[in-house]
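Single-structure report; data block below.
The values are calculated or read from the model by the stated rules, or taken from the named source; none is laboratory data. Worth saying up front: this structure is predicted, and the values here are computed from it rather than measured. Here the Cβ is made from the backbone with ideal geometry for all residues, glycine too, and neighbour counts use every protein chain on show.
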């Protein structure tokens, strides 16, 4: 890594100019954390000023019984294994009934395992059920991995699957399952689920249908730093083509209870560095989310100084990440979120799935 | 660099930007210590939880007649020191509640016994305890410190300072040592070559002006004596206390940390507190001006579990430092480096 390259990369980052992979690697190696933060926050402020977003959402995980058996996952159960569950129509009805009383609920977020027997109709019916119970709420559901699974199960094309779900009321895709878009890495951490090409195809198809998505990264496992940064450039290329990503969300890998439990969870230094670097690299993505259930709230709040502009939601009942040993709380009140944002000198904005501001209620709820 | 004045510090504590302040504070720390981040291996020995002070922010104290009140015997204390020495500790920090009736001889004997049996630095007794010992013995603070020094006390930890503004102290710990007395204990100690650290506890409901007043009092004394080795900010832990309230946020802690590096320009070392803020905030503190991460406090059970568990905790500290790209080094009480750890860690 030459001094000239580092200098050049710093100048570009400082001026919010587009970085290339070599420059991003140089900034990574340079390891000047608060310089990266300063540059990233300036880029954030060009995009969303002093605003920091959050939404009132509810996560539903339909099942944890999964055919893909990914080593990276702590959530999965094999069929018949103790602790496995599948939510049926009546279970979901109960959850939705409860959701109706959540004021300002803006979004239902549904991601699940790849169940061996549940047909596509099961998932489709869930979307219909949610749409019927909560007509105003955005339904953000199914990662590209699940969409590929539906396509394989039904023999329908990805486009057809997405069109059917869209018609039933699906609003957007969460963009999970990207992990690191490198087949070398996927072969080790998730050999049986959607490949790099399938993930990209699904996302591009969704964007072309007007279904917006998020994009994600899971880092801190067996990937090299170059693979990790290359992943961000792959996402940037997709965004240049389609413009369909709303927000980027990164997940530090939690090794507990996974097939990769010999690894250590990366530290907060790495988390903040990736937060800032992703803001700088993904110059064409509007929003960078600090996912507090992964990062812990103190670090997520601090991330607002590192280019993040979204603290995600108030989240009820998240299961997948907590299965991997995250010991953060299962939810947070709106007033607490707003207080943390205000304290950091930003303006809290309650949003819907599409980042339209909505009027925030004042009551405290779980 | 121009010395920061109290008005500027107050303004920055209210609305300063932690990232920009951190950049300045980090540069100041690097100018002094380069890429090195230090820690110490020590053991806390709390010889008693009996305390006459009953402070509202304290979750530790018991009344003497309480069922779970305790006072360690000298044999128990020596046993703990032995475990610490065996585990590689270079320092013991002996602190306790203000026991109503032990007498100065008791503490002198404790110190002598430790020094006779072990080669270890005794960094012990807060100003509050020193004042209590002196009062009980009916002698001056200076004489009390001289006797303790003669018995083996090497240096004083800076605890019990909380916020050195009597209005705050009256509210949170009315029976505990007041501002002038705390500073007097430190000044006396420094005058006989007994160095110390200084602490500040934030989140006690103090105003930013009061925080600055605290820093200013210590900075002034330091100009006079030069005896403070380090400045350490703890955030108040509201759990199980009468005072209660909310824990200081990451944002406010980092802002405060950076300002202490910039304001306390005559104190060489600034500690980042992973103990009160957690390891995740702790790992970030060197970016905001810290050059030391304090102590690996050997826990009772950790020490007893011997080799492995102990290695793990040093390993964890070294990983935390190296994982952020710094050079990790173990130090002694006087901040001399006694061991450096090679190579930056593979962060993955």
Residue B:165 vs. criteria buried (at least 24 other Cβ atoms within 10 Å of the Cβ) and at negative phi:
no
Can you tell me which residues in segment B:91-106 are part of a loop (DSSP other than H, G, I, E, B) and loosely packed, with under 15 Cβ neighbours inside 10 Å?
B:100, B:101, B:103
Matching residues, segment A:353-366, being at pLDDT 90 or above and on the phi < 0 side of the Ramachandran plot:
A:354, A:356, A:357
All but one of (1) outside any loop (DSSP other than H, G, I, E, B); (2) on the phi > 0 side of the Ramachandran plot hold for residue B:54, so report the exception by its number.
(1)
Of B:261, B:229, B:217, which residue is within 14 Å of chain A (Cβ to nearest Cβ) and outside any loop (DSSP other than H, G, I, E, B)?
B:261
If you go through segment A:277-290, how many residues are within 14 Å of chain B (Cβ to nearest Cβ) and touching a strand residue (DSSP E or B) at 6+ places or on another chain (Cβ under 9 Å)?
2
Checklist (1) in contact with a strand residue (DSSP E or B) (Cβ under 8 Å, 6 or more places away or on another chain); (2) under 25 Å from residue B:190 (Cα atoms) applied to residue B:217, failing item:
(1)
Give B:252, B:266 a once-over and let me know the one that is surrounded by fewer than 24 Cβ atoms within 10 Å (Cβ to Cβ), farther than 17 Å from residue B:321 by Cα and within 14 Å of chain A (Cβ to nearest Cβ).
B:252
Search result, residues across segment B:185-209 that are surrounded by fewer than 20 Cβ atoms within 10 Å (Cβ to Cβ) and more than 18 Å from the chain's Cα centre (by Cα)
B:191, B:192, B:193, B:205, B:207, B:208, B:209
Need the failing condition index for residue B:38 against (1) touching a strand residue (DSSP E or B) at 6+ places or on another chain (Cβ under 6 Å); (2) closer than 20 Å to residue B:269 by Cα; (3) assigned to a loop (DSSP other than H, G, I, E, B), just the number.
(3)
So for segment B:309-325 (the condition being modelled with pLDDT under 95 and under 17 Å from the mean Cα position of the chain (by Cα)), does at least one residue qualify?
no
Select, from A:24, A:37, the only residue that is within 14 Å of chain B (Cβ to nearest Cβ), at negative phi and either surrounded by fewer than 19 Cβ atoms within 10 Å (Cβ to Cβ) or at pLDDT 95 or above (or both).
A:37
Qualifying residues in segment A:311-352 (those that are touching a strand residue (DSSP E or B) at 6+ places or on another chain (Cβ under 9 Å), outside any helix (DSSP H, G or I) and modelled with pLDDT under 65) - the one surrounded by the most Cβ atoms within 10 Å (Cβ to Cβ)
A:318
For segment B:160-179 the number of residues that are touching a helix residue (DSSP H, G or I) at 6+ places or on another chain (Cβ under 8 Å) and either in contact (Cβ under 8 Å) with a residue 24 or more places away in the chain or in a helix (DSSP H, G or I) (or both) is 13
